Amino acid sequence: MSNVEVKELFDENRYPSGWKALFLVLYTPFGLVLAGVRLLIALQALMVAALLPQLPAVKSFVLRSLCIVLGIVVKQENTAVRDENVKVLVANHISPCDHIAVHLVCGSITPSVWELPAPFWWALGMQEFGLRQGRDVLVASVRSHLEKSATPVLCHPEGSTTSGKVGLLKFSSWSFCLGDVIQPLTIRAWRPPFADVAASALATGIWGDIFWFLFVPCTIFTLRYLPAVVKEAGESEVQLGERVAKLLAADLGVVVTEHTASDKAEYEKRYLVEQSQPIIVHNTSTSELQRMAHQVGEVLPYVPHDVVVRDLVRTRSVDVTISNILEGVVTYIPQVESLPSPSPLSMTTQDLKNIPSTSSATHTLANTIQGSCLDTSAPSFARSAQERMLSFNERKARLIENARQRYIKKHGLQNIGLTC
């Protein structure tokens, strides 16, 4: 596994830079016209899919029309190891159109994640397997399909898209409950240099990604098959998933991470909050930043002032900066000189030398110096995003109470109603 940060797995800015950006600007008028024409053709193809019977010939016609409309071209590599008898295909996920590319050459279907009327699912190579009703319903529905049909099922165990350049999200194990033999394949996408726009980007949504498929002249998908993986005796679904993930990562030249689709969703929310913060005018930002840095310092006194200011310049928000520090997004070396005068609970010099250089050190120091009633450390790392957010809110409340007590003590105020 790798210690790659979650933000490194996604393209926050989908647009090219340098000379490529200039070519994209020049291409824009043609791209907008092309997108408009393609959109009209796509709507007509979908209307045909909704009105005509759900026959294989109709499905093939509609799907190939959509591939032309979206500018999708598919190339296959290492087809010699493709096992036609394996019905479960597992691939990485880099765009909302991955399943269309795979369906075009393999005839596969994938659980529907698009919010479209049911008649359009089959034409797009998707099927409603009860994905939104939970894991048990999904697994039961897919197993039932595999027993009755020879059509393979494409699974994206990451659960969300990545850039495909740095790492894979942690695989969900549901895909590996469907059979004892898995056919892995990797998906790569290429676009012309003058329209080299990322296939998916953070916080843009499916329809934003679809627009750029309509806009660029073409998107070439390269599907590379890997040897089929057979489940070993005594091997669990999780272990099988980890083995397949390592194979895919090795072929793509990326790493396997512990980040999940839920982690991406959390980071995406925080990213949107940061982007929505108002920009402070430069000539008045210094005093405002110092004021906000002082507020952060009252809650997190062991974080160096320059680290706080640097993150505030980016976030323009006290709450977001505190969240970034507590969750380890901002790394730092805790400052020792700002420690309060020694007390019976004070740490020794040797202890201070062993302070780690991560944000978790703030919890350890605060706990030792202030006592158990102001403990701000998390007892363990929660499994679900909801539990982690609850733990974060509780620790944040304790830190604020810690700052309140120090303020009362510093100014000689009466400590009324304060209990541990």
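The values are calculated or read from the model by the stated rules, or taken from the named source; none is laboratory data. Computed from a predicted structure; not experimentally measured. Heads up, the Cβs are rebuilt from the backbone with ideal geometry, glycines too, and the neighbour counts pull from every protein chain shown. Surface areas here come from the heavy atoms of the whole protein model, side chains and all, with no ligands, DNA or RNA. Shrake-Rupley method; radii C 1.70, N 1.55, O 1.52, S 1.80 Å.
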*Ignoring ligands, DNA and RNA, what accessible area per residue does segment 6-271 give at 1.4 Å, in Å²?*
45 Å²
*In nanometres, what is the gap between the two model label sites at Asn85 and Gln133, each 7 Å from Cα along Cα-to-Cβ?*
3.2 nm
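Take the residue pairs Lys7/Lys231; Lys7/Lys246; Lys170/Lys269; Lys7/Lys75 and return only those whose Cα atoms are more than 28 Å apart.
Pairs exceeding the cut-off: Lys7/Lys231; Lys7/Lys75.
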*Alpha-carbon gyration tensor eigenvalues x 5, square-rooted, for segment 6-271, Å*: 29, 24, 17
*Given segment 6-271, what percent of its DSSP beta bridges are antiparallel, to the nearest 5?*
30 percent
*asked:* On a full-extension model of 0.36 nm per residue, what is the gain between Ile68 and Glu258, subtracting their alpha-carbon distance, rounded to one decimal in nm?
replied: 64.7 nm
_Ser287 paired with Trp190, simple spin-label distance in nm, labels 7 Å along Cα-to-beta-carbon_ = 5.8 nm
*Taking 7 Å along the Cα-to-C-beta vector as the label spot, tell me the Lys165-Trp19 distance in nanometres, rounded to one decimal.*
1.8 nm
*Which of the listed residues, Ala35, His99, Ser262, is farthest toward the dipole's positive end in segment 6-271, when Lys, Arg count +1 and Asp, Glu count -1 at the beta-carbon?*
Ala35
